[in-house]
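A.B. asks: Handing you a structure now.
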Amino acid sequence: MIIAFCICNTILAQTNKNDSVQLKQIEDAWHPAYVTHDIHLIEKALADDFIDLGRTGGRINKKQVLDNFVKDSSQYEYCEPYDMEFKIYTSSAIVMGRTKEKGISANKPFANEYFW
């Protein structure tokens, strides 16, 4: 029984690592969409049932993310995710991380760092 548990645990760990790599690639791909203002990158990256628990504790879905994106007139120098953690479950995942961004909004420079 212990051998079977070890084998299953190893397979699960490998699957979670592969899933984590894919999720990191998705995060790395859609954050730069803010710099290029390419909504298609976000539409493609986010699942239909995506939920964002934002930096202020608010909860928004994919449609709301896209609506906010369209309204955003900021000019970004960069928008980069980092320090990500992944919790992988059978049919879902939780991704936690931080983002740093820099740019100009309403003719004023900004530099933000936040947790999500």
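The values are calculated or read from the model by the stated rules, or taken from the named source; none is laboratory data. All values derive from a computational prediction rather than experimental measurement. Here Cβ is always computed from backbone atoms with ideal geometry, including for glycine, and neighbour counts include all displayed protein chains. Surface areas here come from the heavy atoms of the whole protein model, side chains and all, with no ligands, DNA or RNA. Shrake-Rupley method; radii C 1.70, N 1.55, O 1.52, S 1.80 Å.
A.B. asks: Take the conditions modelled with pLDDT of 90 or more, closer than 20 Å to Ser20 by Cα and open to solvent by 80 Å² or more (accessible area, probe 1.4 Å) and apply them to Glu85. Does it pass? Outline the logic, then answer.
C.D. replies: Working: modelled with pLDDT of 90 or more: yes; closer than 20 Å to Ser20 by Cα: yes; open to solvent by 80 Å² or more (accessible area, probe 1.4 Å): yes.
For Glu85, the condition - modelled with pLDDT of 90 or more, closer than 20 Å to Ser20 by Cα and open to solvent by 80 Å² or more (accessible area, probe 1.4 Å) - is met.
A.B. asks: Just give me the residues in segment 16-35 being more than 19 Å from Ile94 (Cβ to Cβ) and open to solvent by 40 Å² or more (accessible area, probe 1.4 Å), in sequence order.
C.D. replies: Going residue by residue through segment 16-35, those that are more than 19 Å from Ile94 (Cβ to Cβ) are 32-35.
Selection gives Pro32, Tyr34, Val35.
A.B. asks: Which ones in segment 36-58 are surrounded by fewer than 17 Cβ atoms within 10 Å (Cβ to Cβ) and either in contact with a Cys (Cβ under 9 Å, 6 or more places away or on another chain) or within 15 Å of Val95 (Cβ to Cβ) (or both)?
C.D. replies: Within segment 36-58, Ala47, Asp49, Phe50, Ile51, Asp52, Leu53, Gly54, Arg55 meet the criteria.
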